[in-house]
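The values are calculated or read from the model by the stated rules, or taken from the named source; none is laboratory data. Here the structure is a predicted model, which is why all the values come from computation and not from measurement. Heads up, the Cβs are rebuilt from the backbone with ideal geometry, glycines too, and the neighbour counts pull from every protein chain shown. For accessibility, only protein heavy atoms count, side chains too; no ligands or nucleic acids. Shrake-Rupley method; radii C 1.70, N 1.55, O 1.52, S 1.80 Å.
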Amino acid sequence: LTSVHLGPNVCEQCRRQWVFTALSLGQRNMDAQMPGVRVHAVQCVAPAVLRQRSLQPPAWAVSDLAAGHEAAWRQRATNMLQLRGPGSATRSRERCVRLGMPPLRRQMETRLLPRRAFCGSSCGRPSMPRWRGNPIGQLRVGFTGLVRQLTGQPRILIVEIATIVLLSACFEWFEHKARHKFTSRGRETALQFLEAFFKEVTVLGFVFLVLFILSHTGTCDKIGRRILVHGTFSGHDPLCETLETVHMMIFFLLMVLLAQVAILFTVSATITTDWTQFERLVAYGTAKGSLESRFVQAGYLERRPSPEDPQSYVLMNRQPYVFGRQASLYRASAHDKSLRRIVQWRALRHNFLFATHWDSYRIRGMLDPSLFNFEKYLRPIMSKVVLSVIHIDRFTWIITLVLLVGPFYARRLCPWLPKEVLVCILVWLLALAGFAMARTLQKEVMHMTPQVPREASSILHVFSDESIQMLRRRRLPGWSSQPGLEVNSEAKLGAPISLESTFSSKTYTALFRILSLLQAASVTFLLLSHMSISPLGGWRTCLTILAWAEWPLMLFVIVPTIIRTLTLFMVIVSNKDPELIRQVNLESKLSNLRDYVRLLQLAGFAGRMLPVLQSSKRWKGQQSAIAFIIQGLRKWEAMPEDDKEEIVLLFEAWDGAATGSMETRELVEAFASMGTSDPQALVTSLMALVDYDGVNRLTLMKFKALVGMAVGDAMPEERKLDILRAFAALDTQNSGSLSAFEVADGLRSMHVGVDREDVYHLLLLHFGVAKPYVTPYEFVEWLLANGEPVD
């Protein structure tokens, strides 16, 4: 066992002397690298060493040895020498005194367990051979003891290799699944996070390999003798130990940082979900989620009955709506913070979409409000803010290290101050700095937001007909002249209070990066302290718990506010990105194209279900409708989440008043614009399939069941047949092929939302070459590829 530390060419006397010194010192490094050496030496070698050196053991040891109960002596000695946590060397000295062991020698106090402390004088030859100028030979000899151990226990070697291979396979499987999932859903930000994660892990693994080679070749030991002062560090190889300690500290720091970023991605997903709801809010209506209902619930509006009005009520203003500079002091006690966030977000969106007099001609030509999704425009910008935490530059590292010097010197100048108190003060100062940054960003974004009217009714007029579903309605087939829809009153917002900011967006991003790195450093310190120091209890434990409580407060309260406001701040102060605008417009057009394919499948499904409805044996009215809805909802749940989100948005576009149900005329007009024969009969067939209550209204649940059966359960041959019918409707000249002009003009007449340039671009992307004409099967292939995202 001791040959790993002393080498194979050591006499038995020096070997026993080394074990006895290890028992006396209670070295921590021995426990970390050779966990079985100390226990084996206590149980087997210590009694013989005590007898050989004529030492005076304690009374309980004498009684046990005299009675021949050597096993009891071993157990009691093992229990007393069991070391846990830091400070074990000091506690070991106290236990050695109780055991009656001799005082430590001066040589052992200056340098614990030197490899050449015994041999060379007693047995006449050094314990480890000296190598000169051959690092390969050093590495080979350094592994001699390890190889002997493994060859003596081959089962352990096989189990270890199998464990490592299994862990590597699981790691690669997780990476492959994550990449496939993010790639199929187009999550570029998640892919960047995955790349950064594996990059950091690879770099840390390479650093660990270098340290492993240096430690096993003796290089660290040689360098440590020259640059380290005796007595400064304990251990037989202090430089190697300190490098490994620093390496593990940095490893924990980066792991905590990556864990923070993963949590921030979850938080950012919640923020984008809120923004999606903000963009879908309709201005008027009695629905619970409408902007009108929110103003009524907050006490700014009142619905008064009026039989003469078409809606049977009129809206009256109860109190002025405070926003902007007047709201800076009022916001602390306001109970409608959610409403204020909605109004602020919709005001910024309104200014981005419609205030284009400062934009260039190129931007004005690209920015189509009916196709633009403001939330998808904000998502990549917010992702850059979150990813900036991972990509730490040299400036951030330098500033963070300079700031960390203060706590170390404070600890050195005030040794009487408990470290728990110091850590608790520092982490809460960090939380205070984050809170100050969040408040500053909130104030500046508030002042840069266009001012809304003080009357809530005027605010509804400004935001009417601006929800995403109402804007998309203009580019979708359906009942375009439906009465009762919102009509934009051409109202305008006021000018912002100020367009100047205290800091630039780059400065705020750098401050956020430094704040995140300091937070990760504080959590790493708490984690390592918990792993190395046993809980002391009392007020120290309370302070440690209080310091840990700062982390969730920072991650789930302060940091989300910083991310949300910093993203909006970057949108306000920076110019509009034409490439990002083009990408968002293209995604919206592809979504409209997918909606067109789904409507084709609905029409084809309705035609295939006509014989079933006409058969009294196969269709039994309400009972069959209930069974159909249950089966359709199961198929709906199995569909991809992105598809379900787009289908719900399509339903909300047809449900203009946000009542939860749509008129059947929407489907009739949509089927008629696509060139289907007898669209009224098709819609009647669809309603008969799901009309279990006899109200003849298509609710969201019924629409989900229809889409689940028509789209989610469709066979590939049925999808191709439905699209071939659309090709026949577009081919008015029966030529057997369609030009790109005919495809674009036909889709535009159906209000699909794509023009000629888009059709040329999509055909070029799919086929790789310019396609002036497409055959029926090329048309089917193109629509299936662009109309259905990869699962």
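Some notes on this structure:
- Extending 7 Å from Cα along the Cβ direction at T183 and again at A259 yields two label points whose distance is 3.0 nm.
- Partner aspartates and glutamates whose Cα lies under 17 Å from the Cα of K702, excluding those fewer than 8 positions away in the same chain, are identified as E637, D643, E645, E646, E652, D655, E663, E666, D691, D693, D713.
- Measuring nothing but alpha carbons in segment 622-744 and taking Rh as the Kirkwood radius, the Rg to Rh ratio lands at 1.00.
- Listed peptides 292-302, 518-528, 590-600 by packing density, highest first (mean Cβ within 10 Å): 590-600, 518-528, 292-302
- Here the simple spin-label model places points 7 Å from the Cα toward Cβ, and for E757 and T242 these points are separated by 6.5 nm.
- Net charge of neighbours whose Cβ lies under 14 Å from the Cβ of A169, counting Lys and Arg as +1 and Asp and Glu as -1: -1
- Environment charge of D393, counting only residues whose C-beta is closer than 13 Å and scoring Lys/Arg +1, Asp/Glu -1: +3
- Each label was represented as a point 7 Å from its Cα along the Cα-to-Cβ direction; for Q297 and R474 these points are 3.0 nm apart.
- Segment F395..I161, full-extension length gain: 80.1 nm, with 0.36 nm per residue of separation and the alpha-carbon distance subtracted.
- Apportionment of accessible area to carbon and sulfur, segment 509-632, percent (1.4 Å): 65 percent
- Taking a sphere under 10 Å around the Cβ of R756 and counting the other residues whose Cβ falls inside, with K and R at +1 and D and E at -1, yields a net charge of -3.
- Fully extending the segment from F208 to M316 would add 31.8 nm, taking 0.36 nm per residue of separation and subtracting the current Cα-Cα distance.
- 1.4 Å probe accessible area per residue over segment 526-678, in Å²: 46 Å²
- Percent accessible area from carbon and sulfur atoms, segment 736-791, protein chains only, probe 1.4 Å: 60 percent
- When the listed pairs K337/K506; K589/K771; K384/K589; K617/K644; K181/K288 are checked against a 31 Å cut-off, the alpha-carbon distance exceeds it for K617/K644; K181/K288.
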